[in-house]
Amino acid sequence: MVKCREIIEKIEKLAPLNLAESWDNVGLLIGDYQKEIKNIMVTLDVTLEVVKEAVEKKIDLIIAHHPIIFKPLKKITMDDYTEQMICNLIKNDVSVYAAHTNLDIAKGGLNDVLASRLQLNNVKVLKALKNVQLKKIVVFIPDGYQDAVREAMAKEGAGWIGDYSHCTFMTKGTGTFKPLEGTNPFIGKQGQVEKAEEYRLETIVPQDKVGKVIKAMLEVHPYEEVAYDIYPLEIEGEAVGIGRIGTLENEMTFSEFIKLVKNTLNIEYIKYIGNEKSIISKVAICTGSGADFISACVKQKADVYITGDVKYHEAQFAQQNGLNLIDAGHYETENIVVPFLMDYLNDTYQNKGIKIFSAQSNQGIFRIV
């Protein structure tokens, strides 16, 4: 039996809630953390059509990119579109979870998915919003258990430096302790000072992962009372932010690149500005609505920028600064979230009796004639 909380923890391991923009509304928006989940539906948007489809398919949990609730609600009736959806979802016991800007920003999230599909190399954050805060954890481990403890901590995100994992340092020494009345010591006897051969293991951990790393460490550590320290660090971790910028393995003309984008996103039409004969090597991307970051693309000397929801004067600014621009659409650049999250969840839950569906009723809203 898989509870809703377990699935949420899986998603938030990829896209921690603290990465979300302050104006955003992410997490479990409707439902019960303890609800048993058998059927999941992944969608970009939650619409009345999606809700109807979810009810018909007996879906227990909808995982959406765009939150169903953005503004505070003073009432829940059947008076408007959002209220109708919420009433129907609650009535039919369908939970709703949203992973929005936290999934856009997260390393390995939606923007990295698009960068990978375009086969970009040397991918970096387009617009840094902040740096990850780091802590150092030091734990003392009896000889023979250091590998198990290190592995458990690394599995939860400790010891990552750039593209290297399991980065730790160990020193050998002697630990002393005296088990008192009521204890059940792993080593030694009550009332006697014990000397034990131990290892001091130290590693860095992103602040948002400290709790899970400590929990994992305690679960495999053999001691009844584990000695460990947590230190603040002056250094900062890697930058996190919106959008990505990288390079093509083989440069191509803008005309050829347009075809690549259309094939990658499986779309027939796009809007663009720029010189079709210009050479494209450095590519900037931002899924969804990313016109606010055109100036960042110019500053980083991108040859082309792919995003959606570009207004006239924003496009004009790009043109005036020699930046090729592709408006591939908000829906079109973000709907890749559906197969991505389905694959991510299937890796864990396909053998646990959970069925994962994509919302067939969620389609792009614009029509071109």
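The values are calculated or read from the model by the stated rules, or taken from the named source; none is laboratory data. Predicted model, so just to flag it, every value in this text is computed and none were measured. Cβ sites come from the backbone with ideal geometry, for glycine too, and all protein chains shown count toward neighbours. Remember, those area values only see protein heavy atoms, side chains included, never the ligands or the DNA or RNA. Shrake-Rupley method; radii C 1.70, N 1.55, O 1.52, S 1.80 Å.
Just give me the residues in segment 17-44 being closer than 20 Å to Ala106 by Cβ and either open to solvent by 20 Å² or more (accessible area, probe 1.4 Å) or acidic (Asp, Glu) (or both), in sequence order. Walk me through how you get there before you give the answer.
Pass one, segment 17-44, residues closer than 20 Å to Ala106 by Cβ: 17-29, 40, 42-44.
If the condition is that a residue be closer than 20 Å to Ala106 by Cβ and either open to solvent by 20 Å² or more (accessible area, probe 1.4 Å) or acidic (Asp, Glu) (or both), then Leu17, Asn18, Leu19, Ala20, Glu21, Ser22, Trp23, Asp24, Asn25, Val26, Leu28, Leu29 are the ones that fit.
Only residues that are touching a strand residue (DSSP E or B) at 6+ places or on another chain (Cβ under 7 Å) and open to solvent by 40 Å² or more (accessible area, probe 1.4 Å): list them for segment 113-124, please. Step through it out loud before you land on a result.
Step one: list which residues in segment 113-124 are touching a strand residue (DSSP E or B) at 6+ places or on another chain (Cβ under 7 Å), which gives 114-115, 118-124.
Hits for segment 113-124 are Gln119, Asn121, Asn122, Val123, Lys124.
Would you pick out the residues in segment 236-278 that are touching a helix residue (DSSP H, G or I) at 6+ places or on another chain (Cβ under 9 Å), in a strand (DSSP E or B) and surrounded by 14 or more Cβ atoms within 10 Å (Cβ to Cβ)?
Listed by number, the residues that qualify are Gly237, Val240, Gly241, Ile242, Gly243, Arg244, Ile245, Gly246, Leu248, Met252, Tyr272, Ile273.
Between a first residue in segment 352-365 that is more than 14 Å from Leu61 (Cβ to Cβ) and touching a residue at least 40 places away in the same chain (Cβ under 8 Å) and a second residue that is open to solvent by less than 30 Å² (accessible area, probe 1.4 Å) and basic (Lys, Arg), which pairs have beta carbons less than 9 Å apart while being 6 or more apart in sequence or on different chains?
none
For residues that are among the acidic types (Asp, Glu) and at pLDDT 95 or above, scanning just segment 314-352, find the one that is nearest to Ser295 (Cα to Cα).
Just the residues of segment 314-352 that are among the acidic types (Asp, Glu), to begin with: 314, 327, 332, 334, 343, 347.
Remaining after also requiring at pLDDT 95 or above: 314, 327, 332, 334, 343.
Values: Glu314: 10, Asp327: 15, Glu332: 23, Glu334: 22, Asp343: 34 Å.
Checked segment 314-352; the qualifying residue nearest to Ser295 (Cα to Cα) is Glu314.
Taking segment 77-91 on its own, how many of its residues are surrounded by fewer than 14 Cβ atoms within 10 Å (Cβ to Cβ) and modelled with pLDDT under 95? So that I can check it myself, show each step before the final result.
Here is the first cut: in segment 77-91, the residues surrounded by fewer than 14 Cβ atoms within 10 Å (Cβ to Cβ) are 77-81, 91.
From what is left, the residues that are modelled with pLDDT under 95 are 77-81.
Number satisfying all stated conditions: 5.
Output the number of residues of segment 168-184 satisfying the condition of being in a loop (DSSP other than H, G, I, E, B) and open to solvent by less than 40 Å² (accessible area, probe 1.4 Å). Walk me through it before giving the result.
Pass one, segment 168-184, residues in a loop (DSSP other than H, G, I, E, B): 168, 178-184.
Going one step further and asking which of them are open to solvent by less than 40 Å² (accessible area, probe 1.4 Å), we end up with 179.
Of the residues in that region, 1 qualify.
Do any strands (runs of 3 or more DSSP E) entirely within segment 1-92 hold 2 or more residues that are more than 16 Å from Ile354 (Cα to Cα) and touching a residue at least 40 places away in the same chain (Cβ under 8 Å), and if so, which?
Working: elements: 27-30, 39-43, 61-64.
Answer list for segment 1-92: 27-30.
Give me a count of the residues in segment 195-228 that are surrounded by 14 or more Cβ atoms within 10 Å (Cβ to Cβ) and not in a loop (DSSP other than H, G, I, E, B).
22
Please pick out the residue among Pro222, Pro179 that is touching a Phe, Trp or Tyr at 6+ places or on another chain (Cβ under 6 Å) and farther than 27 Å from Val240 by Cβ.
Numbers: Pro179 fails: touching a Phe, Trp or Tyr at 6+ places or on another chain (Cβ under 6 Å).
Testing whether each residue is touching a Phe, Trp or Tyr at 6+ places or on another chain (Cβ under 6 Å) and farther than 27 Å from Val240 by Cβ leaves just Pro222.
Would you mention how many residues in segment 92-108 are open to solvent by 40 Å² or more (accessible area, probe 1.4 Å) and among the acidic types (Asp, Glu)? Quick ask: steps written out before the conclusion?
Quick first cut of segment 92-108, residues open to solvent by 40 Å² or more (accessible area, probe 1.4 Å) only: 92-93, 107.
After this cut, where a residue has to be among the acidic types (Asp, Glu) as well, the list is 93.
Total meeting the criteria: 1.
Phe357 - would you say it is within 25 Å of His66 (Cα to Cα), modelled with pLDDT under 95 and of a type outside the set (D, E, K, R)?
On the way: within 25 Å of His66 (Cα to Cα): yes; modelled with pLDDT under 95: no; of a type outside the set (D, E, K, R): yes.
The answer is no for Phe357.
Limited to segment 45-56, what total is found for residues that are aliphatic (A, V, I, L, M) and open to solvent by 30 Å² or more (accessible area, probe 1.4 Å)?
We begin by selecting, within segment 45-56, every residue aliphatic (A, V, I, L, M); these are 46, 48, 50-51, 54-55.
Keeping just the survivors that are open to solvent by 30 Å² or more (accessible area, probe 1.4 Å) gives 48, 55.
Adding up the residues that qualify gives 2.
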